[in-house]
Amino acid sequence: GSVVFVFPGQGSQWAAMGRALLEESEAFADAIAACDAALLPHTGWSVTSVLRGDEGEDVPPLVRVDVVQPVLFAMGVGLAAAWRSLGLEPAAVVGHSVGEIAAAVVCGALSLEDGAQLVAVRGQRIASIPDSGAMLSVQLPEAEVAERLAPWGEVLTIGVVNGPDSAVVSGEASAIAELESTLQADGVFCRRVRIGFAAHSTQMDGVLEGLEAALSSLRPGASTVPFYSSVTGGPLDGASLDAAYWCRNVRDTVRFDAVVQSLLSDGHGVFVEQGGHPVLTLPLTEACVETAGVVVGSLRRDEGALATLHRTLGVLHTQGHPVDWAALHGESSGAIAALPTYAFQRQRYWLEATASVTDASDLGLSSAAHPLLGAATPLADSDGFLFTGRLSVSDHRWLADHTVFDTVLVPGTGLLELVLAAGRTVGCTTVSDLTLAAPLVLPERGAVRVQLHVEAPDGQGHRTVALYS
């Protein structure tokens with residue numbers, strides 16, 4: 001399927017999440033600089049400084065909602081630019097709550113200046129609400145959650161529906177605490193959302209007063225990339241993203257489950273989350289189980305370098321999505337290296353026997369056809385065999401890799417290989433028991449002579465072997 005850029009809401013932020021990309025990705029740095037210029041008249045502080053993790057009185061902490069939301073907006077716009085510079089183009093965009101603003105800018109429905117004004121005003125209005133709200137994620141279907149909320153009336157509402165078995169309840173903090181205790185007593189998994197207000201609930205009604213008027217100057221237009229709305233649950237004309245729509249974005253339930261199903265139904269199957277840390281991959285992955293869709297993030301907490309995006313391209317490639325390697329490497333980087341042959345050609349890479357200076361047959365012996373054993377001869381007085389060889393660091397340099405306390409020892413697996421080689425010569429293919437009584441030490445200079453004595457077979461065809469040096 002085609003690519004969808006997914007812009008998350010709050011929760012993906014972490015300190016200095018843009019520092020590495022600002023240095024390593026020109027496209028990201030240019031987009032952040034443009035966002036900084038557009039946001040500064042409305043915020044009075046530098047989003048670039050926050051993304052770099054700078055410290056100082058003029059750099060606000062990444063905890064206040066009026067700081068977090070503009071920073072996430074800039075991060076989304078910047079990551080989209082970085083992905084496009086790597087050859088990844090979206091066929092659709094979708095946002096989760098405040099993430100819809102970055103999605104609207106990236107798809108062309110809103111100008112960068114309108115998006116900056118919108119996200120700044122939105123965050124400032126929410127920040128003015130008293131801290132009396134909370135949100136609780138509940139692992140239950142929406143219908144069951146709605147039944148459990150009945151005793152609280154409009155005090156608690158379903159603010160977000162992420163999937164068939166995942167909803168987020170929003171409302172007054174005291175009521176959220178009561179609901180949490182009730183659910184835990186019933187064995188229902190739930191956890192608090194790390195947020196200081198009750199988004200998408202009746203507590204947002206105070207934000208709506210004057211918000212539409214403050215955003216009356218927005219001039220949305222037709223988008224160049226299809227915009228899918230988590231308010232309506234489906235595709236939406238970019239020209240309808242006016243002030244009234246953004247009031248619904250603050251107040252109405254986030255229908256992320258419905259909009260993802262709409263995207264899948266329309267043939268979109270590759271979801272790339274545009275945030276500092278993946279927070280929507282779980283509901284996206286669950287939604288893609290039946291369609292075998294692909295879900296990836298962009299960066300991860302404490303992993304904000306360009307190499308993280310490159311690794312994600314590798315994941316997309318292995319999942320079957322075509323990657324524009326020329327965009328990644330540059331047109332002048334030369335041809336892509338050919339695949340190594342050893343995975344497909346049956347050329348063996350273990351040691352092969354080398355020709356000795358003296359032919360063993362000239363000495364009345366037979367060649368052992370093994371790099372560590374030089375000769376073999378049947379014993380005249382029994383059905384036994386004697387194998388001889390010469391081991392040295394100069395002749396077998398790989399043996400020097402097995403050093404214990406500055407002493408070169410022949411590895412136990414090497415001794416086992418000698419026994420197996422002798423066994424194959426006399427028709428025995430299995431070693432049932434091998435006791436290593438002492439290590440075989442090699443000198444720094446010179447060689448060690450070895451003898452392998454294979455006795456005659458017993459009544460069951462078993463042979464005893466002894467190794468001497």
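The values are calculated or read from the model by the stated rules, or taken from the named source; none is laboratory data. As the structure is a computational prediction, the values presented were derived from the model and not from experiment. Ideal geometry is used to build each Cβ from the backbone, glycine not excepted, and the neighbour counts take in all protein chains shown. Accessible surface areas use protein heavy atoms only, side chains included; no ligands, DNA or RNA. Shrake-Rupley method; radii C 1.70, N 1.55, O 1.52, S 1.80 Å.
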(message) Restricting to region 145-187, name every residue that is among the aliphatic types (A, V, I, L, M), open to solvent by 10 Å² or more (accessible area, probe 1.4 Å) and over 25 Å from Val260 (Cβ atoms).
(response) Ala150, Val155, Ala173, Ala177, Ala185
(message) Here is a list: Arg84, Arg52. Which entry is closer than 30 Å to Pro226 by Cβ, out of contact with any Cys (no Cβ under 9 Å at 6 or more places or on another chain) and basic (Lys, Arg)?
(response) Arg84
(request) Quick one: which residue in Thr285, Thr291, Thr281 is hydroxyl-bearing (Ser, Thr, Tyr), open to solvent by 20 Å² or more (accessible area, probe 1.4 Å), closer than 17 Å to Gly76 by Cβ and under 25 Å from the mean Cα position of the chain (by Cα)? (result) Thr281
(request) Please go through region 209-253 and pick out each residue that is open to solvent by 50 Å² or more (accessible area, probe 1.4 Å), in contact with a helix residue (DSSP H, G or I) (Cβ under 6 Å, 6 or more places away or on another chain) and touching a residue at least 40 places away in the same chain (Cβ under 8 Å). (result) Ala222, Arg251
(request) Having 1 or more residues that are among the β-branched types (Val, Ile, Thr), farther than 26 Å from Gly1 by Cβ and in contact (Cβ under 8 Å) with a residue 12 or more places away in the chain is the bar; report the helices (runs of 4 or more DSSP H) wholly within region 21-122 that clear it. (result) 26-43, 47-52, 65-85
(message) Which of the strands (runs of 3 or more DSSP E) found entirely inside region 155-206 contain at least 1 residues meeting this: within 19 Å of Gly123 (Cα to Cα) and in contact with a strand residue (DSSP E or B) (Cβ under 9 Å, 6 or more places away or on another chain)?
(response) 156-163, 166-172
(message) Whether any residue in region 303-320 is part of a loop (DSSP other than H, G, I, E, B) and under 25 Å from Gln261 (Cβ atoms) is what I want to check.
(response) yes
(request) Tell me which residues, restricted to region 418-469, are of a type outside the set (Ser, Thr, Tyr), within 49 Å of the chain's Cα centre (by Cα) and open to solvent by 80 Å² or more (accessible area, probe 1.4 Å). (result) Arg424, Asp433, Leu436, Ala437, Pro439, Glu444
